[in-house]
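First comes the structure, then the notes that go with it.
The values are calculated or read from the model by the stated rules, or taken from the named source; none is laboratory data. This structure is a prediction, so every number in the text was calculated from the model and none was measured. Glycine also receives a Cβ, built like all others from the backbone with ideal geometry; neighbour counts cover every protein chain displayed. Side chains included, ligands, DNA and RNA excluded: accessible areas come from the protein's heavy atoms. Shrake-Rupley method; radii C 1.70, N 1.55, O 1.52, S 1.80 Å.
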Amino acid sequence: MSNKPGQILGHGAENDGIEEYDNPLPTWWLGLFYFTIAWGVFYGVNYHFVAKTSQAIQYDAEVAAAAAAAPKQAELPTVATPELAAAGKGIFEANCVACHGPEAKGVDAAGNKTAGPDLTDGQWIHGGTYADIQKTITVGVPDKGMITWGPILGAEKISQVAAFVHNSGGGQ
Ligand code: HEC
């Protein structure tokens, strides 16, 4: 096949008389085409090996950061003192009222049942000791709608809000 401009390829007979020329592609088009190939190679190498920004790497970094931010049980206080509980009241009001009600009784101000259960009645799904409550709040119950608060609140606030819940009537 030659690249002579204006040459007719000559298969008009098979194509209802529609003729086709064999012109070379415009230089600007070819340039763009080769540029996209070069760019693709450059981008792939940079993404995976140089900048190391692949989603798998980002995911691992985020998981490691969340694990580092979540409090470890051993770092939390073991006694729910009144001081801790007092400090936890504001944290409860800011984060937990929507699902556990303003008095942590599992009912909202209008008396309707909230998404989260009563935390003051001494009935526990996940245990009612101070350590149990710290753990439930830290890891959450994602399947049931209880948020994993560990990375959000951090050790100090978890110990305070857990003390508030523990000392609100139902703690064991
Ligand atoms: C988005 C709604 C929601 C929010 C906000 C929420 N919770 Fe919960 N929480 C739930 C649900 C739902 C459950 C019940 C989980 C289950 O059935 O296992 C629960 C369970 C709990 C339990 C365990 C109760 C038991 O019987 O063992 C504790 C303790 C608790 N929440 C404390 C808190 C604290 C403290 C906060 C605020 C930092 C909070 N929750 C915010 C929805 C929520």
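Can you name every residue in segment 71-80 that is loosely packed, with under 13 Cβ neighbours inside 10 Å and not in a helix (DSSP H, G or I)?
72, 78, 79
Listed here are the residues, each with its yes/no results for (1) modelled with pLDDT under 95; (2) touching a Cys at 6+ places or on another chain (Cβ under 6 Å); (3) assigned by TED's automatic domain parsing to the domain that holds residue 165.
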{"residue": "30", "(1), (2), (3)": "no, no, no"}
{"residue": "60", "(1), (2), (3)": "yes, no, no"}
{"residue": "65", "(1), (2), (3)": "yes, no, no"}
{"residue": "76", "(1), (2), (3)": "yes, no, yes"}
{"residue": "81", "(1), (2), (3)": "yes, no, yes"}
{"residue": "95", "(1), (2), (3)": "no, no, yes"}
{"residue": "100", "(1), (2), (3)": "no, no, yes"}
{"residue": "131", "(1), (2), (3)": "yes, no, yes"}
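State whether one or more residues within segment 59-70 are over 22 Å from residue 141 (Cβ atoms) and surrounded by 13 or more Cβ atoms within 10 Å (Cβ to Cβ).
no
Being open to solvent by less than 80 Å² (accessible area, probe 1.4 Å) and within 8 Å of the ligand (Cβ to nearest atom) is the filter here; which residues of segment 121-143 pass it?
124, 127, 128, 132, 133, 136, 137, 140, 141, listed by residue number.
Kindly provide the set of residues from segment 26-65 that are closer than 30 Å to residue 150 by Cα and not small (Gly, Ala, Ser), ordered by number.
Across segment 26-65, the qualifying residues are 52, 53, 55, 57, 58, 59, 60, 62, 63.
Is it fair to say residue 93 is more than 8 Å from the ligand (Cβ to nearest atom) and within 28 Å of the chain's Cα centre (by Cα)? Please lay out each step first, then the result.
Working: more than 8 Å from the ligand (Cβ to nearest atom): yes; within 28 Å of the chain's Cα centre (by Cα): yes.
Yes; evaluated as a whole, the condition is true for this residue.
Checking residue 84 against (1) in contact (Cβ under 8 Å) with a residue 24 or more places away in the chain; (2) loosely packed, with under 10 Cβ neighbours inside 10 Å, which test does it fail?
(2)
Does residue 89 satisfy the criteria of being in a helix (DSSP H, G or I) and either crowded, with 17+ Cβ neighbours inside 10 Å or charged (D, E, K, R) (or both)?
The answer is yes for residue 89.
Condition first: among the hydroxyl-bearing types (Ser, Thr, Tyr) and under 38 Å from the mean Cα position of the chain (by Cα). Now tell me which residues in segment 25-47 satisfy that. Spell out how you get there, then give the answer.
Narrowing segment 25-47 to residues among the hydroxyl-bearing types (Ser, Thr, Tyr): 27, 34, 36, 43, 47.
The answer is 36, 43, 47.
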